[in-house]
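S.K.: Structure in structure tokens, see below.
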Amino acid sequence: MTDLLQIGGITERMHKRLLPAFDIHKQDNFDPEKITHVITNGHDGIPLDLMASLRNLRMISVYGVGYDAVDANAAAERGIVVTHTPNVLNKEVATTAVLLMLSCYRQLVRDDDHVRSGRWEVEGNAPLTRSADNQKIGILGLGRIGQAIAEKLQPWSPEISYHTRNQKDVPYRYFDNLVEMAKHVDVLICITPGGPSTNKLVNAEVLQALGATGTLINVSRGSVVDENALIDALRNGDLGWAGLDVFENEPIVPKELRDLSNVVLLPHAGSATIETRAAMGDLAVDNLLQHLEAGSVITAVPECGHL
Ligand code: A2R
């Protein structure tokens, strides 16, 4: 049997599929010398000192597409292959982005409360909301998920633009400058990876450019948005609305943000449906089993593609 270290939670289905091939160890009881494989998730990743202590480690399987909590370059230098679960969650995360955008525009949370609280009977109809049709929408990060978001938005007849470091071969308007795009659009949707290159990319200047009638949607990583600047902008009316699935210090969400009425908040649920988590879990397990049986993997992260 091969020794697998489990960091964070896995589903029952993953556990069942792993059991015939692996001795599964939790973090409170394992021999670092024996561990050759790790299963973890995008949030927990693997701390560098733990990775360093696993001298016989050969593979890290991440149950998630974002792997900013794993130092993939350090792993690659040691010949450790890191895998993740791209593509199988594209449509689900796109649904979450659209859900947040529509909830901001049509004030789903406020109006649900209008009915639930009994105010409808006492005060009459709720104030009008805004139409989500025909909006200018800027996508920050037009990769696998960003493109799925653009496609999923089509029934609302949007004018789509995007900002990435490299222009893509797509029928959308490219901005090489994020502030310029934020000035142009009504909605900014963040879907880049996390990590140092995107840290606080959406800063006070970008939020100011998006403006008082603008909406920010973040389904990427909390680190991509300067959360203090966001709270200030939402409070001052410099930014209209925000729909957030991710936060800087999850699961801790600042009270200032929770107190605002112009935000819709989700608990990092972008891919969190039974169907999509099953597909992600299957791919995370398939990577481990293939590595065990054939020495190869299905979906290595780019830093480890050569291994
Ligand atoms: O910049 P490019 O040309 O490499 O385009 C990538 C873009 N991107 C950035 N855009 C602007 N500034 C940056 N510093 C920057 N870094 C990366 O993000 C590309 O268009 C997009 C990432 O696409 P994929 O690698 O296909 O990732 P996927 O599967 O769409 O997932 C994105 C993220 C995950 O890493 C999780 O954190 C989250 O969605 O759930």
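FYI, it's all coordinate maths here, none of it is from the lab. Here the structure is a predicted model, which is why all the values come from computation and not from measurement. All Cβ positions, glycine included, derive from the backbone under ideal geometry; neighbour counts span all protein chains shown.
S.K.: Checking GLY118 against (1) under 30 Å from LYS152 (Cα atoms); (2) more than 16 Å from the ligand (Cβ to nearest atom), only one condition comes out false. Which one?
M.R.: It fails just one condition, (1).
S.K.: On to the next question. Mind listing whichever residues of the stretch 124-159 are more than 10 Å from the ligand (Cβ to nearest atom), in contact with a strand residue (DSSP E or B) (Cβ under 8 Å, 6 or more places away or on another chain) and in contact (Cβ under 8 Å) with a residue 24 or more places away in the chain?
M.R.: Result: ASN134, GLN135, LYS136, ILE137, GLY138, LEU153, PRO158, GLU159.
S.K.: For the stretch 91-131, what are the residues that are touching a helix residue (DSSP H, G or I) at 6+ places or on another chain (Cβ under 6 Å), surrounded by fewer than 22 Cβ atoms within 10 Å (Cβ to Cβ) and not β-branched (Val, Ile, Thr)?
M.R.: Within the stretch 91-131, LYS91, GLU92, HIS114, TRP120, ALA126, ARG130 meet the criteria.
S.K.: Something else about it: Within the stretch 221-307, considering only helices (runs of 4 or more DSSP H) that don't extend past its boundaries, which have at least 1 residues that are without any contact (Cβ under 8 Å) to a residue 40 or more places away in the chain, farther than 28 Å from GLN6 by Cα and out of contact with any strand residue (DSSP E or B) (no Cβ under 9 Å at 6 or more places or on another chain)?
M.R.: In the stretch 221-307, the matching helices (runs of 4 or more DSSP H) lie at 227-236, 255-258.
S.K.: Now for a separate question. Against the definition (more than 12 Å from the ligand (Cβ to nearest atom), free of Cβ contacts under 8 Å to residues at least 60 places away in the same chain and buried (at least 18 other Cβ atoms within 10 Å of the Cβ)), how does VAL179 come out, yes or no?
M.R.: When the stated conditions are applied, VAL179 does not pass them.
S.K.: Which numbered condition trips up VAL219, out of (1) away from the ligand (no atom under 15 Å from the Cβ); (2) more than 19 Å from ASN134 (Cβ to Cβ); (3) crowded, with 23+ Cβ neighbours inside 10 Å?
M.R.: Unmet for VAL219, out of (1) away from the ligand (no atom under 15 Å from the Cβ); (2) more than 19 Å from ASN134 (Cβ to Cβ); (3) crowded, with 23+ Cβ neighbours inside 10 Å: (1).
S.K.: Then there is this: I need a count of the residues in the stretch 89-146 that are part of a helix (DSSP H, G or I) and under 27 Å from LYS200 (Cα atoms).
M.R.: Going through the stretch 89-146 one residue at a time, the tally reaches 19.
S.K.: Under the condition of being farther than 28 Å from HIS15 by Cβ and basic (Lys, Arg), which residue from the stretch 57-113 is nearest to the ligand (Cβ to nearest atom)?
M.R.: The extreme case among them is ARG106.
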